[in-house]
Amino acid sequence: MTQSRIYMDYAATTPLRAEALAAMLPYLEGATYNPSSLHREGRRARTALEEARERIARVLGVKRKEVLFVGGGSEADSLAVIGMARAGSGRHVLSSAIEHHAILRALDRLRDEGYEVTLLPVDRHGFVDPERFAAELRPDTVLASVMYANNEIGTVQPIARLAALARERGVSFHTDAVAAPGWLPLENLGVDAMSLAAHKFGGPAGFGVLCVRESVAIEPIVHGGGQEFGKRAGTGSVAAAAGTATALELAESERSGRVPGVERLRDRLEIGVLASVPLSHVNGAAPRLANIANLSVAGVKAEALCVRLDLEGVAVSPGSACTSGIAGPSHVIAALHDADPREAVRFSLGSPTTQEEVDRILQVMPGAVSELRRT
């Protein structure tokens, strides 16, 4: 009997929730209308779009006008970093060495425009030192951006403290919170801007949210009409907004019940691998996301192990799915200075993950590693 496949890449993307799809269907079936149009049909679409915006604002604890709809997490990060820097008067930006490539490439763009960028190092577990962060803030620092939780190793930064330190110096603070919904609180972080991607919490792919305080200036990077309060042009997707609102509400309402069970399964996986696979270790340390286990196996290349596990029916990733087209090892693992970045594999669990699936992985891992070490 053929065994079903095991999906352990929920940090890359989550399946579209049935409830989110149901919320989207009324705006996908039959005629669809432009929410910027003035006729009755357009006004109905506009009402639905703004209702979705209001629902998302309630989950995040912000004002409706502080919720911007964009084309995904990468665009949200780019708009925050480039748009907030350009709108300010300083020429220095502070970030960390383990940010998502959406942040790092946006910072490269700012460098090309003459900005000075400082990337803070992290310790061997992946944490930014708040004292070092405060020391690197300068009179000309226009923006600081540090991710809430790392998408590869799961480490959770002290965002509220970092945001408070930036605020004391009059520096705007952004956080990439794409990995956080459903696993961490999203309210009362004290940040000026926060990025989310719908497909990370059961919403539709290709849709994101940038939450920006009303008092924060931001320059658009997508130009055209005056949509999204003049901060991001383009016809809004009513269906995607409705699906995202539903998925985010469910992710938050289920969070307290989901986290303990997934955390136990993650720990079972890690403990089992460490006990059965010699020279293996966990990358990252608490506090970290309940659903991510990043494991290094000495002498075994991550890509080779991922392929071998795929043949066993297990879908995992050597790191962020967004870096699959980028040559070279993980910059996140390299920043830890405690592991070979070519040997790190990310197992990311989700609500559907079962103990039986974890135990099956533990059955095949030792043999897969032994086989690869012999080749």
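The values are calculated or read from the model by the stated rules, or taken from the named source; none is laboratory data. Everything quoted here is computed from the prediction, not taken from an experiment. Note that we place each Cβ from the backbone using ideal geometry, even for glycine, and neighbour counts take in every protein chain shown.
So here's what we get for this one:
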| read-out | value |
| --- | --- |
| Flag for Leu274 being at pLDDT 95 or above, out of contact with any helix residue (DSSP H, G or I) (no Cβ under 9 Å at 6 or more places or on another chain) and over 30 Å from Ala23 (Cβ atoms) | yes |
| Single residue of the range 342-362 satisfying the filter (over 20 Å from the mean Cα position of the chain (by Cα) and loosely packed, with under 13 Cβ neighbours inside 10 Å) that is nearest to Tyr10 (Cα to Cα) | Thr354 |
| The range 84-108: number of residues that are in contact with a helix residue (DSSP H, G or I) (Cβ under 6 Å, 6 or more places away or on another chain), part of a helix (DSSP H, G or I) and over 21 Å from Gly319 (Cα atoms) | 1 |
| The range 169-193: number of residues that are part of a strand (DSSP E or B), within 23 Å of Ala286 (Cβ to Cβ) and either polar (S, T, N, Q) or in contact with a Cys (Cβ under 9 Å, 6 or more places away or on another chain) (or both) | 1 |
| Residue in the range 329-337 that is part of a loop (DSSP other than H, G, I, E, B), surrounded by fewer than 21 Cβ atoms within 10 Å (Cβ to Cβ) and in contact with a Pro (Cβ under 8 Å, 6 or more places away or on another chain) present | yes |
| Residue among Ala106, Ala76, Ala102, Ala85 that is farther than 25 Å from Pro181 by Cβ and surrounded by 20 or more Cβ atoms within 10 Å (Cβ to Cβ) | Ala85 |
| Positions within the range 15-32 being at pLDDT 95 or above and exposed (fewer than 15 other Cβ atoms within 10 Å of the Cβ), in sequence order | Pro15, Ala18, Glu19, Ala22, Leu25 |
| Sole residue being in the same structural domain as Val67 (by TED's automatic domain parsing) and either more than 20 Å from the chain's Cα centre (by Cα) or over 21 Å from Ser96 (Cα atoms) (or both), chosen from Ala160, Ala179, Ala166 | Ala166 |
| Hits in the range 33-50 - residues which are touching a residue at least 24 places away in the same chain (Cβ under 8 Å) and loosely packed, with under 15 Cβ neighbours inside 10 Å | Asn34 |
| Total residues in the range 15-32, condition more than 20 Å from Phe201 (Cα to Cα), touching a residue at least 24 places away in the same chain (Cβ under 8 Å) and not in a helix (DSSP H, G or I) | 2 |
| Qualifying residue in the range 159-168 (condition: part of a loop (DSSP other than H, G, I, E, B) and of a type outside the set (A, V, I, L, M, F, W, C)) | no |
| Qualifying residue in the range 362-375 (condition: among the β-branched types (Val, Ile, Thr) and under 27 Å from Gln157 (Cα atoms)) | no |
| The range 263-295 - residue that is farther than 24 Å from Arg5 by Cβ and of a type in the set (Gly, Ala, Ser) and, of those, surrounded by the most Cβ atoms within 10 Å (Cβ to Cβ) | Gly284 |
| Residue that is surrounded by the most Cβ atoms within 10 Å (Cβ to Cβ) [pool: residues in the range 194-237 that are aliphatic (A, V, I, L, M) and assigned to a loop (DSSP other than H, G, I, E, B)] | Ile218 |
| Selection count where residues are among the polar types (S, T, N, Q) and within 30 Å of Val345 (Cβ to Cβ), scope the range 154-203 | 4 |
| Yes/no for Leu38 being farther than 22 Å from Thr246 by Cα and outside any helix (DSSP H, G or I) | yes |
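Every residue, every condition in (1) out of contact with any His (no Cβ under 7 Å at 6 or more places or on another chain); (2) farther than 25 Å from Asp340 by Cβ; (3) touching a residue at least 60 places away in the same chain (Cβ under 8 Å); (4) charged (D, E, K, R), yes or no:
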{"position": "Leu94", "(1), (2), (3), (4)": "yes, yes, yes, no"}
{"position": "Leu110", "(1), (2), (3), (4)": "yes, yes, no, no"}
{"position": "Leu120", "(1), (2), (3), (4)": "yes, no, no, no"}
{"position": "Asp129", "(1), (2), (3), (4)": "yes, no, no, yes"}
{"position": "Arg138", "(1), (2), (3), (4)": "no, yes, no, yes"}
{"position": "Val142", "(1), (2), (3), (4)": "no, yes, no, no"}
{"position": "Asn151", "(1), (2), (3), (4)": "no, no, yes, no"}
{"position": "Gly154", "(1), (2), (3), (4)": "yes, no, yes, no"}
{"position": "Glu168", "(1), (2), (3), (4)": "yes, yes, no, yes"}
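Matching residues to (1) among the polar types (S, T, N, Q); (2) without any contact (Cβ under 8 Å) to a residue 60 or more places away in the chain:
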residue: Glu54; (1), (2): no, yes
residue: Arg58; (1), (2): no, yes
residue: Gly61; (1), (2): no, no
residue: Arg64; (1), (2): no, yes
residue: Val70; (1), (2): no, no
residue: Ala76; (1), (2): no, no
residue: Leu79; (1), (2): no, no
residue: Ile82; (1), (2): no, no
residue: Ser89; (1), (2): yes, yes
